[in-house]
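Report on the structure given below.
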Amino acid sequence: MWRFIGYYGVSEFAQRVTRIATTVLLARMLSPMDLGIAAMAITCFEMLRVGTNAGIGQAVIRATDAELAGTCITASRAMWAICGALALLQTGVGAMLGLGSDRSDVFFMIAALASVYLMMAPGLVQTYLIQRANDHKVITRIATQQAVADNVLTIVFALAGLGAWSIVLPKIVTCPIWLIGMRRAHAWTADPTAEAAPLRDVLRYALPVLGAEISTAARLQLDKVLVGVMLGVEALGIYYFIFNAGIGLSLSLTIALSNVLYPYFAAVASAPDKLLQRLDRSLVQHALPFAAVILVQAALAPIYVPILFGTKWDSSAWLVAVLCASAAAKVFADAGTQALRAAGATVRELQGTFAVTISSLSALAIALRFDLATAVVVLAIVSAVAQLVFALMARHCVAHLSDRESTHGSKVST
């Protein structure tokens, strides 16, 4: 397990080095207004991109060997349909936002980002199969190549004077790196002798996962929408900086851990007692060290923010620390999420993530009536508490499944 996490650790280090350089440059070269405009486009893209995490991939990873060929066929068809629909939807949303803000550049940025979905569709099944095989070295290598290229191009475009476009364009230009890398890493074509798995069976598992992903994306993206609507684009630019300078690394670490944990848990999905053992072991051996790293970063924020990003951001350093520290709770919540998915308890996951999202965004909306600093502190406290409660709920659910399995096994043996 730690070997797999090590792959992600090396990958994240390489990405962070270039990301820090990128964030430093953008903080010094772009105005809060430019950052706010880019945040509008990126937020729209990230909100809709969650549709590509529709639970279809988890269904492929969790499928038995006998079910795999048919599940892959259904997954491929479903993801092409989803990606095409997302491209059209994002273009329409971009048109509405562009007209609503009287800024045509917002529309063009959002519409341009819609092309990413069409480039993702041909490589998604291959990605799921690589994850199923636990080939994390390949996944992290490709992710590192794409992320480093993204960061370097952002610097180049910013130096060329492209403003907000310097943040948007690299997302499009680097997508072929991911597509080509995944297709080369795992060759897959639909088996003509296999019968496609019934779509309803795949969706029965996948739809609650999609709902949970949408809920999580809403929590991570609608905060920016609320800030922009209630305090304006300039305040959104400041919040966007606080978010990226503080919680950006933390989210990368939690995503990396989730990518490793789900296949690890899914391997014992049919044995709830073993799943509970792996969850408890992971909470102690993996989640705790990751949370500690996040808290160390938070403690160092007042030191590194003015040094790296310039004195104009000095007053925001303590807010970076507060928001970063709150992400330590997400490590435990994400471990619980992956255990629930492996157990097939996706409805419970949806219920829990929805509760976390509603509580966090409601608290933020109320606090924004005062000022940005108050809102950041309230959001950090409420989201951290809600995620810890969710982690306890997830562990209790897996333990209940284990107890029920033990009781059933005892009755059968009797």
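Odds and ends about this structure:
- Computed lengthening from L88 to V284, 0.36 nm per intervening residue step minus Cα-Cα distance: 66.2 nm
- Proxy reagent accessibility, fewest Cβ within 10 Å first, across M33, M47: M33, M47
- Largest GNM mean-square fluctuation among G237, G84, G211, using the chain with Cα springs under 10 Å: G84.
- Volume per residue that the Cα convex hull of the stretch 260-336 spans, once the total is divided by residue count, Å³: 78 Å³
- Taking label positions 7 Å along the Cα-Cβ direction at both I358 and A373, the computed distance is 3.3 nm, reported to one decimal.
- Computed from label points 7 Å out along Cα-Cβ, the spacing between V389 and A95 is 4.2 nm.
- Remark: spin-label model distance V347-V173 equals 4.9 nm, labels positioned 7 Å along the Cα→Cβ axis.
- Rounded to the nearest 10 degrees, the angle from helix 288-309 to the longest Cα principal axis of the chain is 10 degrees.
- Taking a sphere under 13 Å around the Cβ of L220 and counting the other residues whose Cβ falls inside, with K and R at +1 and D and E at -1, yields a net charge of 0.
- Comparing A87, V50, M29 along the charge dipole axis of the chain, the residue lying farthest to the positive side is V50, per the Cβ-charge model.
- Contour minus Cα-Cα distance for D65 and E195 (0.36 nm per residue): 45.4 nm
- Between the helical axis of 346-367 and the longest alpha-carbon principal axis of the chain there is an angle of about 20 degrees.
- Sparse-neighbourhood loop sites, GluC sites (Glu not before Pro) in the stretch 189-286 - DSSP loop, at most 13 other Cβ within 10 angstrom: E195
- Rg then Dmax, both in Å and based on the Cα atoms of the stretch 198-414: 19.2, 72.
- Overall Cα dimensions of the chain, principal axis frame, Å, largest first: 71, 44, 38
- Rounded to 10°, Cα long-axis angle of helix 317-326 versus longest principal axis of the chain: 10 degrees
- Per-residue ellipticity at 222 nm from helix content only, as computed over the chain with -39500 (n - 2.57) for each DSSP H run of at least four residues, stands at -29000 deg cm²/dmol.
Rule-based calculations on the coordinates, nothing more; no lab input. These figures come from a predicted structure and were not determined experimentally. No Cβ is skipped: glycine too gets one built from the backbone with ideal geometry, and neighbour counts run over all protein chains shown.
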